[in-house]
Amino acid sequence: MEQKIRRIGILTSGGDAPGMNAAVRAAVRTCLMNKVIPVGIRRGYQGLIHADVTEMNARSVNGIIHRGGTILYTARSEDFMTEAGQHRAAQTCRYLGLDAVICIGGDGTFRGALALSKQGVKVMGIPATIDNDIGCSHYTIGFDTAANTAVEAIDKLADTMQSHERVSVVEVMGRHAGHLAVYVGVAVGATSIIIPEFPYSFEHDVIEKIREGRMHDKHHHLIIVAEGVGKCDEICHRISEETGLEARVSIIGYIQRGGAPTARDRVMASRMGHYAVEQLLAGQTNQVVCYRDSHIVLTPIEEALEMKKSLDAYMYRVAGDIAL
Ligand code: F6P
């Protein structure tokens with residue numbers, strides 16, 4: 001017979017994302033509503049290894065729905081990458097009487113959850129990363145806030161760049177993925193978007209676009225570069241050399257990972273946190289909570305890790321077609 005779930009551990013791991021707190025809050029409150037004890041695990045898997053935990057109640061998650069970051073702290077644990085570390089984490093779960101663990105984060109977090117499940121611990125993943133690069137889910141918590149933060153910053157930048165008739169080369173986050181760059185690029189009307197997924201020709205995709213823009217009386221050109229491509233200084237230098245225009249680099253950086261989550265992120269996080277607990281109580285384990293075609297669904301963790309999210313090529317084309 002299925003063992004009854006009485007205590008659920010909750011952790012956040014990897015790069016933080018705005019909305020993680022809202023997910024923690026939803027999971028805690030849904031536990032309490034179902035007479036399950038929620039146990040906050042601090043500093044991700046590292047905290048799990050060292051039993052760095054705190055029992056939570058309704059008050060522990062008061063006033064956090066609108067706060068960025070994560071009240072549980074986060075970490076990338078080297079110890080947990082070893083078999084010995086995973087074994088110790090599972091032992092801690094048994095010692096603390098955790099019947100399941102909700103793991104909130106991105107790809108690395110789910111890899112950790114899979115390792116934990118192989119040690120006999122029931123897990124449930126919730127996708128939260130500003131990169132929106134989780135294959136099984138059309139949306140990840142934090143993406144909307146990060147995109148809006150970047151758009152707000154670039155709009156301000158555009159004002160001054162326009163006055164000086166300069167070219168802006170702007171780096172947005174995304175070490176391995178260009179989803180954020182493309183989305184932000186469309187939203188700010190970028191002249192060109194350079195991402196790791198697609199090869200680009202500097203001459204064709206940057207210089208010619210700027211020249212075309214100038215022929216159409218454009219006075220400011222915005223080049224969005226995903227962090228994974230980098231080389232912004234080099235791009236900037238070459239633009240100046242080849243066009244004779246003044247160019248400046250701006251790296252938005254970690255600001256994109258902070259700040260109050262947007263309504264979309266709060267709502268998505270609340271739904272996912274609630275769903276994760278309900279599904280565990282319904283007997284589901286070793287799954288990732290996913291958002292697909294307007295529904296919250298589950299995908300087995302192993303399958304989820306195999307799924308790759310391809311870049312929205314149509315969105316990328318839209319950006320190019322309406323750039324002038
Ligand atoms: O959270 C995802 C992400 O923001 C990536 O876009 C970025 O490359 C990475 O995290 C950087 O995180 P850190 O410097 O904390 O390792």
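The values are calculated or read from the model by the stated rules, or taken from the named source; none is laboratory data. Here the structure is a predicted model, which means the values were calculated and not measured. Every residue, glycine as well, gets a Cβ built from its backbone with ideal geometry; the counts of neighbours run over all protein chains shown. What goes into the accessible areas is simple: the full protein's heavy atoms, side chains included, and nothing from ligands, DNA or RNA. Shrake-Rupley method; radii C 1.70, N 1.55, O 1.52, S 1.80 Å.
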Output for Cβ contacts, cut-off 6 Å, separation at least six or different chains, first residue on the phi > 0 side of the Ramachandran plot and part of a loop (DSSP other than H, G, I, E, B) in the stretch 158-185, second near the ligand (Cβ under 10 Å from one of its atoms) and open to solvent by 10 Å² or more (accessible area, probe 1.4 Å), reads Gly174/Asp131; Gly174/Glu227; Gly174/Gly228
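Need a quick list: helices (runs of 4 or more DSSP H) entirely within the stretch 1-117 having at least 1 residues that are more than 30 Å from Tyr254 (Cα to Cα) and in contact with a His (Cβ under 7 Å, 6 or more places away or on another chain).
In the stretch 1-117, the matching helices (runs of 4 or more DSSP H) lie at 20-33.
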Taking the stretch 186-223 and keeping only residues that are in contact with a strand residue (DSSP E or B) (Cβ under 6 Å, 6 or more places away or on another chain), outside any helix (DSSP H, G or I) and touching a residue at least 60 places away in the same chain (Cβ under 8 Å), one is left with Ala190, Thr191, Ser192, Ile193, Ile195, Leu222
When (1) over 20 Å from the mean Cα position of the chain (by Cα); (2) assigned to a helix (DSSP H, G or I); (3) crowded, with 16+ Cβ neighbours inside 10 Å are applied to Thr285, the one that fails is (2)
Just one listed residue, out of Asp99, Asp155, is more than 16 Å from the ligand (Cβ to nearest atom), outside the structural domain of Asp265 (by TED's automatic domain parsing) and among the charged types (D, E, K, R), and it is Asp155
> Does Arg67 satisfy the condition of being under 23 Å from the mean Cα position of the chain (by Cα) and away from the ligand (no atom under 16 Å from the Cβ)?
Replying inline: yes
Based on this model, can you work out whether Glu242 counts as touching a helix residue (DSSP H, G or I) at 6+ places or on another chain (Cβ under 6 Å) and either of a type outside the set (A, V, I, L, M, F, W, C) or not assigned by TED's automatic domain parsing to the domain that holds Tyr183 (or both)? yes
Filter the stretch 126-152 for residues that are away from the ligand (no atom under 12 Å from the Cβ) and in contact with a strand residue (DSSP E or B) (Cβ under 6 Å, 6 or more places away or on another chain); the one that is most open to solvent (accessible area, probe 1.4 Å) is His138
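Let's see how each residue does on (1) more than 29 Å from Gln256 (Cβ to Cβ); (2) open to solvent by 10 Å² or more (accessible area, probe 1.4 Å); (3) in contact with a Pro (Cβ under 8 Å, 6 or more places away or on another chain):
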| site | (1), (2), (3) |
| --- | --- |
| Gly47 | no, no, no |
| Ser60 | no, yes, no |
| Gly63 | no, yes, no |
| His66 | no, yes, yes |
| Arg88 | yes, yes, no |
| Cys93 | yes, no, no |
| Ala100 | yes, no, no |
| Leu114 | no, yes, no |
| Met124 | no, no, no |
Of the listed residues (Glu278, Glu241), the one being open to solvent by 70 Å² or more (accessible area, probe 1.4 Å), without any contact (Cβ under 8 Å) to a residue 60 or more places away in the chain and on the phi < 0 side of the Ramachandran plot is Glu241
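Out of Asp293, Asp233, Asp265, I need the residue that is outside the structural domain of Pro38 (by TED's automatic domain parsing) and either of a type in the set (Asp, Glu) or open to solvent by 70 Å² or more (accessible area, probe 1.4 Å) (or both). Which one?
Asp233
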